[in-house]
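Just below is one structure, and these are the notes that go with it.
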Amino acid sequence: MALRPVFMPPADIYETKDSIVVLTEMPGVSSEGVDISLERRVLTIRGHSASQDHSGYQRVYNEYTDGDYERVFTLSENIDRDRIEATLKDGVLQLVLPKAEAAKARKIELKSS
């Protein structure tokens, strides 16, 4: 079996006061082909796309290559691991990573002496 190429998918990252949102393009990947892990502050996203079988056709020109996806991010905030949400729609993976309470900004009151 030949090795499949591994692509680094494009991603956008947004931050709100309560969470970090990661959008990653992974065309051809089904929900069964997605693997997401978070170890300490390292977020790893992997996607496996199914090979396209075009039997009955003779290839005339080829630009599309079947392959897998992998992207690794180091997060700057502590994440509430129990509330992470992931959805895959139209080839775009969306991760919502809620910030842990300790990571949220808070106002420090100045005590008078």
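All of the numbers you see were taken from the coordinates with simple rules; none came from a lab. Quick caveat: nothing in here was measured; it's all calculated off a predicted structure. Glycine gets a Cβ as well: all are built from the backbone with ideal geometry, and neighbour counts include every protein chain shown.
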- Query: So, counting K/R as plus one and D/E as minus one, what does the shell of residues with Cβ under 15 Å around residue 29 add up to?
  - Reply: -3
- Item | Lys/Arg +1, Asp/Glu -1 at C-beta; segment 61-113 dipole; positive extreme among 73, 100, 86 | 100
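Determine the gain in length on full extension of the stretch residue 16-residue 100; use 0.36 nm per residue of separation and subtract their C-alpha separation, reporting nm with one decimal. Kindly include the intermediate steps, with their values, before the conclusion.
Values: separation 84, 0.36 × 84 = 30.24 nm, distance 1.28 nm.
Roughly 29.0 nm would be gained on extension.
At 37 °C and a viscosity of 0.692 mPa s, what translational diffusion coefficient does Stokes-Einstein give for the chain, taking Rh as the Kirkwood radius over Cα pairs? Give it in µm²/s as a whole number. Could you put the intermediate results ahead of the total?
Values: Rh = 16.5 Å.
Reported coefficient: 199 µm²/s.
Taking 0.36 nm per residue of separation and subtracting the Cα-Cα distance, what length does fully extending residue 51 through residue 82 add?
On the way: separation 31, 0.36 × 31 = 11.16 nm, distance 3.34 nm.
Length gained between residue 51 and residue 82: 7.8 nm.
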- Task: Quickly work out the residue 6-to-residue 38 label distance, labels modelled 7 Å from Cα along the C-beta direction, and quote it in nm with one decimal.
- Result: 2.2
- Message: Can you work out the Karplus-derived ³J(HN,Hα) for every residue in segment 52-66? Use 6.51 cos²θ - 1.76 cosθ + 1.60 with θ = phi - 60°, whole Hz, and x for glycine or proline.
- Response: 8, 9, 10, 5, x, 10, 9, 5, 9, 8, 9, 10, 7, 10, 5
